[in-house]
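The values are calculated or read from the model by the stated rules, or taken from the named source; none is laboratory data. Keep in mind it's a predicted model, so treat the numbers as computed, not measured. Counting neighbours? That spans all protein chains shown, and the Cβs are built from the backbone with ideal geometry, glycine included. The protein model used for the area step is the full one, side chains on, heavy atoms only, and it has no ligands, DNA or RNA in it. Shrake-Rupley method; radii C 1.70, N 1.55, O 1.52, S 1.80 Å.
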Amino acid sequence: SYIVETRQLSYRYRATTAPALENVDLLVEPGTTLGLVGESGSGKSTLIRGMCGLLPTPPGTVRYQDRAVSDWLRHDGRAFRRQNQIVFQNPASSFDPRMTIATALAEPVKALERRSPPTSELVDRLEQVGLNAGVLGRHPRQLSGGQVQRIAIARALLVGPRVLYADEPTSALDVSVQAQVLNLLMDLQRSLGLTLVVVSHDLGLVSRVCDQIAVMLSGSIVEAGPTAEVLGDP
Ligand code: ADP
Ligand code: ADP
């Protein structure tokens with residue numbers, strides 16, 4: 001069975017504009033890496049927002065673990081949020097510049113679990129993303145883009161996700177750092193058994209690391225399947 005499913009998912013930001021999503025059917029198998037590709041404006045970000053319960057979508061059009069996301073949010077919202085985490089494109093805008101990294105890392109755990117994670121837990125997660133305790137007292141502006149993106153990943157891991165969504169996780173980074181961050185995501189996916197959904201406009205990039213690819217165009221999925229099949233199609 002599938003961990004995330006969308007069925008005929010449509011979404012409009014405004015009644016007068018074209019729909020951002022139109023009848024999207026997407027099935028995500030647990031433990032896979034899915035690359036969601038397509039040109040800018042094709043609906044990728046809107047789709048992952050829908051999948052993580054961040055859009056008002058009709059009941060039953062998005063399901064997680066065989067249960068409607070609308071139902072999760074009504075009865076088990078915190079469990080759903082813990083299990084579905086997003087890492088955004090621009091690391092700098094993901095963090096309040098006035099907060100130390102220690103405070104920023106602890107925020108989602110405090111909000112979702114009503115406890116302050118011990119420093120040892122923060123340090124363990126930092127090590128998992130290749131950083132050490134030295135960054136805890138720093139502020140985001142004192143760190144590189146790659147370091148801040150690693151911290152965003154550590155922050156997502158702290159709440160214990162099963163599905164990790166990464167929206168253009170590397171496109172704001174220097175080319176030399178992009179492969180490192182992508183490799184880190186793949187390593188974590190494998191070692192933790194996560195389901196990873198990576199949004200990118202770069203088909204070459206995701207095809208190197210994803211098992212499955214879905215191609216979006218104008219709010220629809222125009223092609224989906226195992227990476228080799230999608231790339232092999234003429
Ligand atoms: P991406 O292509 O990575 O989704 P964009 O640069 O298109 O990013 O959008 C950046 C932000 O602007 C997002 O929060 C998105 O929701 C918002 N946005 C995009 N298009 C529009 C629009 N037509 N009207 C209002 N907000 C928009
Ligand atoms: P992508 O992630 O593939 O770049 P988006 O999901 O960001 O695509 O955008 C899909 C469509 O929805 C685009 O036409 C975009 O302009 C529009 N859009 C995105 N965010 C908003 C928003 N907050 N308000 C209005 N329109 C938006």
Q. Among Thr57, Met186, Val222, whose Cα lies farthest out toward the positive end of the dipole of the chain, if unit charges sit on the beta carbon of Lys, Arg (+1) and Asp, Glu (-1)?
A. Thr57
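Hey, could you grab the Kirkwood Rh for region 34-143? Inverse mean 1/r over distinct alpha carbon pairs, Å, one decimal. The partial results should precede the final answer.
Values: mean 1/r = 0.0615 Å⁻¹.
When all Cα pairs of region 34-143 are included, the Kirkwood radius is 16.3 Å.
R0 = 41 Å: FRET efficiency of Val222 with Met99, Cβ-based, nearest 0.05?
On the way: r = 41 Å, r/R0 = 1.01.
For Val222 and Met99, the calculated efficiency is 0.50.
FRET efficiency for Lys110 and Ser171, Cβ-Cβ distance as r, R0 = 25 Å, nearest 0.05?
Working: r = 30 Å, r/R0 = 1.19.
Efficiency for this residue pair is about 0.25.
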**Q.** Solvent exposure of the chain as accessible area per residue, Å², 1.4 Å probe
**A.** 47
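Please compute the alpha carbon radius of gyration of the chain, then divide it by the globular-protein estimate 2.2 N^0.38 Å. Two decimals is fine. Present the calculation step by step, with values, prior to reporting the outcome.
On the way: Rg = 17.5 Å, N = 234, 2.2 N^0.38 = 17.5 Å.
Normalised Rg, Cα atoms only: 1.00.
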Q: Amide H neighbours of Val4 under 5 Å, at least 5 residues apart or on other chains, H built in the peptide plane: list them.
A: Val28, Gln65
Q. Counting only residues 5 or more places away or on other chains, whose amide H sits under 5 Å from the amide H of Glu223 once H atoms are built in the peptide plane?
A. Val215
Q: Please list the equivalent ellipsoid semi-axes of region 97-219, computed as the square roots of five times the alpha-carbon gyration tensor eigenvalues, in descending order and whole angstrom.
A: 26, 17, 13
Q: Nearest 5 is fine: what % of DSSP beta bridges in the chain come out antiparallel, could you say?
A: 45
(Q) Could you tell me the center-to-center distance, by alpha carbons, between region 109-139 and region 1-54 in angstrom? (A) 31
Q.
Charges at C-beta only: +1 for Lys and Arg, -1 for Asp and Glu. How large is the resulting dipole of the chain about its Cα centre, in Debye rounded to 20?
A. 1000
Q: Would you mind checking the tilt of helix 101-113 against the longest principal axis of the Cα atoms of the chain, expressed as 0 to 90 degrees and rounded to 10?
A: 60
(Q) Binning at 5 angstrom from zero up to the longest distance, how are the C-alpha pair distances of region 14-87 distributed in percent? (A) 3, 13, 25, 26, 18, 10, 4, 0
Q | HN-Hα J in Hz across region 69-79 - Karplus 6.51, -1.76, 1.60, θ = phi - 60°, x for Gly and Pro | A | 4, 4, 6, 3, 5, 6, 10, 9, x, 5, 4
Q. For region 170-213, what % of the accessible area comes from carbon and sulfur atoms, probe 1.4 Å?
A. 47
Q. Given R₀ = 35 Å, FRET efficiency for Ser191-Thr17 by Cβ-Cβ distance, to 0.05?
A. 0.25
